[in-house]
Every structure is written in structure tokens, then in C-alpha cells.
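Take a look at the structure set out below.
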Amino acid sequence: MSRRTPRLFTAALAVAALTLGACADKTSDEPVAGASSAAAAYPATVGKLTLDKRPEKIVSLSPSATEMLFAIGAGKQVTAVDDRSNYPAEAPKSELSGFQPNAEAIAGKSPDLVVLSNDTNKIVAQLTTLKIPVYLASAATTLDDSYRQITDLGALTGHAGEAADVTKRMKDDIAKLVKDLPQRTKKLTYFHELGPELYTATSKTFIGSLYAQAGLENIADPSDADGSKGGYPQLSQEVIVKANPDFVFLADTKCCKQTGETVKARSGWAGVSAVKNNQVVALDDDTASRWGPRVVDLFRAITDAVAKVPA
């Protein structure tokens, strides 16, 4: 995101994005997120959703789904996206909200498929009542969730082959990056920063699972051992400084202008290993908060940083 509300609110939104889609009440008409289909012909069925013909007016209210749709070659079928879908550049612009979706505004786009990442305000039921097909692509918690959603969107949009190619390429790229990592007897530690208020993500989250694949140990895990904070605890400066992480990964470079220098200037942080060894890594805010095909770019940024540290 190019602009950000106070980070406490943003962190709450991040948690909501993960939980609302996963915990939404299921009805007999609601699509099932993550049920995959390899069907290339129509009617195409994914879970409880069946499309009789290829959709030509897709509305995507999820930045991750927007990136998936364009990656599999369905971009020309996308006629509207939410106001936070800023990639790729050719994605159509609109004022639709994915955080607070409005059924009337969505219906005004005359969609033949709507892709959502959560069921805020029972939007799925509202759109179903209007006989608008909905695919619910809930926030991923694992890479397999990402692959499944790409596969599903490929089946629904008539791009099953392209979707299979995208997922294979992602899997191959990630496997190679993991294979090329140096072997270590002791894991390096890290702190992933969502914002200067020091909200972070544990290993139980999607982003945390990527760091785990890179062989890193998360200093935030003990702070949410029982999961009561949804995987997104807020740490104190004292806790982080005492943990002395080998890396600090900044996912707040765009929104909050955080850099290695701003981190170093924080009270007590100059002595942290990550700061002393110039291992404060600036990430792209958008790729660090999405689960589309560009997750490979995010993983590469992580593994590149890790590979520079002698084993």
C-alpha cells in the first residue's frame, strides 16, 4: 500500500484478512475456497461454484487474486478491481473496496464472476442473492493455498493450462532457492516488521512459513505461543533488542519510510546484530503482504539475504 493508516489499524486489517475469509459462516450457496479443479471446459466447477460459460466481466476485490488472474492470462477478462490492486500496471482502476465491499457498487459493474478474499458484511450471501457468482479466495496460510487458488482461478476462467504452468514455475523456483541455501549447524534468527509500532508475524502465518522454509528462526514465536494474537503480536523494543535477531526484515518501507538508518536510530537498536552487520533488509510492502505469484520475488529477497551470511 502506498499510504497507510496508523499501523495498529493496519495490523488489525491484516489479521481480519486472514480470519474473516477462513471463519465466515458457510451456507449452501457459498463457494468453498481452495477446492481445486483441473477442468478446462464449461461448465467449470470449483467446490460449490459452477460457471456455465467463460466469465468475461470479472471483478477482483483482492490484490493477490488480481495478480493471479493476470499471471494466468485472464487479465483481459478483468473489468474492475479493488482500490488496493496496484499490480500489474495494466489492471483496471476503480474505487471499489475489498475491505468494506458494497454489493450495490459491485453489481453496478455487471460482473459474471466476483473474486473476494473475505466475507465481510456477509457480502457473499448478498451477491449470491443478486445471482452473481462468487469465488472466495481466503488469505493463504501456506504456499499450497496459493497454488490451489491459482489452479481454481485457472479452471474458472478458462486458463487451466496457464495456471498449471504458473504453479509449476513457482514450485520449481522456490525449490531451487531452498536447495541453493547454505547448510548451517545453527539457525539464524529474524524479526519481520509490519510497521514501526512493531507488529510482526509469527511462523504460523503465511509470511512466517516462507521464512521457515528459508531455515530462519522467528524471535516472535514465543510471544504468541498459544495463538491468541492470531499470529500477529506486537513486540516491545526491549524484547526485540534482547532477542538480538540476525536479521530485521522491513515490510514498511513504502508506507512508513523505514530503512536501515531509521532502525539504527531507534533507542537501543544500534547494538542489535542485524543492525551491526548491515542485515536490515528492505522488502516491498506489497509483495510482503500478498500470496500471489510474486511470492517468489519475496522468497528470493529473503534467501538472497540469508545466502550472504557465511555458513
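Using Cα centres only, tell me the gap between the range 292-311 and the range 238-270 in whole Å. After rounding, the separation between the Cα centres reads 19 Å.
Measuring from label point to label point, each 7 Å out along Cα→Cβ, what is the residue 266 to residue 144 span in nm? Placing both labels 7 Å beyond Cα along the Cβ direction yields 3.4 nm.
Please give the length that would be gained between residue 197 and residue 309 if that part of the chain were fully extended, namely 0.36 nm times their separation in residues minus their C-alpha to C-alpha distance (nm, one decimal).
Working: separation 112, 0.36 × 112 = 40.32 nm, distance 2.79 nm.
Here the answer is 37.5 nm.
Here the label points at residue 89 and residue 185, each 7 Å from Cα along the C-beta direction, are separated by 5.0 nm in the simple model. Between the Cα long axis of helix 160-179 and the first principal axis of the chain there is an angle of about 10°, rounded to the nearest 10. Quarter the surface of the alpha carbon convex hull of the range 183-307 and you get the mean projected area, 7.3 square nanometres.
Working note: 222 nm ellipticity from helices only, DSSP H runs with n ≥ 4, each -39,500 (n - 2.57), summed and divided by the residues of the chain, gives -10500 deg cm²/dmol to the nearest 500.
Name the longest site-free stretch of the chain, where the excluded sites are GluC sites (Glu not before Pro) in a DSSP loop with no more than 11 other beta-carbon atoms within 10 Å.
Details: sites that count: 90, 95.
The segment 96-311 is the longest one with no such site.
Quick note: the coordinates plus some simple rules give every number you see, no bench work behind them. Please read these numbers as outputs of a predicted model, since none were measured by experiment. Quick reminder, even Gly has a Cβ in these numbers, built from the backbone with ideal geometry, and neighbours come from all protein chains shown.
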